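Here, each number is a calculation from the coordinates, and none is a lab measurement. Bear in mind the structure is a predicted one, so any value in this text is a computation, not a measurement. Reconstructed Cβ throughout: ideal geometry from the backbone, glycine too, with neighbour counts over all protein chains shown.
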Amino acid sequence: MRGRIMPVRFELHGFAYSGPTYKVALALSLMGEAFDYTHVNMMGGEHKQPPYLSRQRYGQVPMLVDRNNGRHLCQSAAILEYLADMTGRFGGADLDERLQVREWLYWDFDRLAAPLYKARVVKAGFRQAPPEVVEDCLNAARTALGVLESHLAGRAWLVGEGATIADIDIYGVVCCAGEAGIDIAEYPQVGAWAKRVEALPGFRSRADLLPMESRVAA
Ligand SMILES: N[C@@H](CCC(=O)N[C@@H](CS)C(=O)NCC(=O)O)C(=O)O
């Protein structure tokens, strides 16, 4: 196989099972940006070791390296905003839309992503929690999905007339609902919106974008 003459601009560090890593990978794919992928050995604790912590202070995945300027970016929502700024895509049409996009990003990790991802990691056996804690998480996630369901009635996208990083961010959680034990068919507006995201040019599934080992961009 012939390698690239110039390395690609972006290097994504993550873990195949990680929803936040998928959000960033999906954004890059929808933006048409090929990226090198570095598998972080989370099972071996690599993300808590000094070499990784020196670049990702929170000891989490994902981390995105922008080789054009050497930036190391953390926190998936902040990374999505950065990518929208850099590519001029999916950021919202004007200041009002950008503000609404940002609201959804904050809301997501506060109300939807945190409880849904937590229920999912417990169900997958990565973490332990008493059943009542998991039930609380599922109730919170269902309440948040209800907010999304109401908002999406009569609208194609979360903000404005086209897809934005708010849709990409929240899709990265909604697509994990089944693994958390929530049937998205109970939220028909959310289900129809998810299909619209999946129909965007450049859309790829988590399994397709995030292998269990490092991969250089094709
Ligand atoms: N708010 C962060 C959350 C990232 C996150 O929770 N990553 C998980 C993997 S999916 C992680 O690194 N967990 C290890 C830890 O928090 O110690 C983001 O959106 O990037």
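When a/c is below 1.5 the answer is rounded, else prolate if a/b is larger than b/c, else oblate, so apply that to region 13-124 with a ≥ b ≥ c taken from the square roots of the Cα gyration tensor eigenvalues. Verdict is oblate for region 13-124. Taken about its Cα centre, region 95-198 carries a charge dipole of roughly 200 debye when the Cβ of each Lys and Arg holds +1 and the Cβ of each Asp and Glu holds -1.
Each helix, a run of at least 4 DSSP H residues, gives -39500 (n - 2.57); summed and divided by the residues of the chain, these come to -14000 deg cm²/dmol at 222 nm.
The loop-placed trypsin sites (Lys or Arg not before Pro) in region 9-76, going by DSSP, that have at most 15 neighbouring Cβ atoms within 10 Å of their Cβ come out as R55, R57, R67. Only aspartates and glutamates eight or more places from K23 in sequence, or on another chain, were considered; those with a Cα closer than 15 Å are E11, E33, E81, D108, D167, D169, E198, D208. The trypsin sites (Lys or Arg not before Pro) of region 114-148 meeting both criteria, a DSSP state outside H, G, I, E and B (loop) and at most 14 other C-beta atoms within 10 angstrom of the site's C-beta, are R127. Here r is the Cβ-Cβ distance between E198 and R155 and R0 is 25 Å; the resulting FRET efficiency, rounded to 0.05, is 0.90. A crude spin-label estimate for the pair E103 and S54, with each label 7 Å from Cα along the Cβ direction, gives 4.3 nm. How would you classify the chain from its alpha-carbon gyration tensor, with a ≥ b ≥ c the square roots of the eigenvalues: rounded for a/c under 1.5, else prolate if a/b is greater than b/c, otherwise oblate? In terms of gyration-tensor shape, oblate. Full extension of the chain between E186 and C74 yields a length gain of 37.0 nm, computed as 0.36 nm times the residue separation minus the alpha carbon distance. The charge dipole of the chain, taken about its Cα centre with unit charges on the Cβ atoms of Lys, Arg (+1), Asp and Glu (-1) only, comes to about 740 debye.
The alpha carbon gyration tensor of region 95-198 gives principal lengths a ≥ b ≥ c with a/c of 1.5 or higher and a/b greater than b/c, which makes the shape prolate.
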